[in-house]
1. I want to confirm something. Restricting to the stretch 2-41 and keeping residues that are open to solvent by 100 Å² or more (accessible area, probe 1.4 Å) and of a type in the set (Lys, Arg), which single residue is farthest from the chain's Cα centre (by Cα)?
2. Of the numbered conditions (1) at pLDDT 95 or above; (2) within 19 Å of the chain's Cα centre (by Cα), Val44 fails exactly one; give the number of that condition.
3. Between Lys57, Lys53, which is loosely packed, with under 10 Cβ neighbours inside 10 Å and part of a loop (DSSP other than H, G, I, E, B)?
4. Determine, yes or no, whether Lys39 is out of contact with any Cys (no Cβ under 8 Å at 6 or more places or on another chain) and in a loop (DSSP other than H, G, I, E, B).
Amino acid sequence: MSLAEKLLDVFMKLPEDKKEEAIDFIEYLDMKNQKELEKMMDNVIIENKEALKELSK
């Protein structure tokens, strides 16, 4: 059983209110992950500012 199948199997057994909580938590994790990616990209830009200026010429 794949991870997605296992997740769906467990999710489908939950009562509706717990399904909503699970979705809220997954959305929170997704948002947190997105913010971490944005922070990493900001750091790459800051750390390579001079090189990026040269490349933009």
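1. Of everything passing the filter in the stretch 2-41, Lys13 is farthest from the chain's Cα centre (by Cα).
2. Just one mismatch for Val44, condition (1).
3. Lys57
4. The answer is no for Lys39.
The values are calculated or read from the model by the stated rules, or taken from the named source; none is laboratory data. The shown structure was predicted, so the numbers you read here are calculated from the model rather than taken from an experiment. When we count neighbours, we look across all protein chains shown, and the Cβ atoms used for this are built from the backbone with ideal geometry, even at glycine. Just the protein is used for accessible areas: all its heavy atoms, side chains included, with ligands, DNA and RNA removed. Shrake-Rupley method; radii C 1.70, N 1.55, O 1.52, S 1.80 Å.
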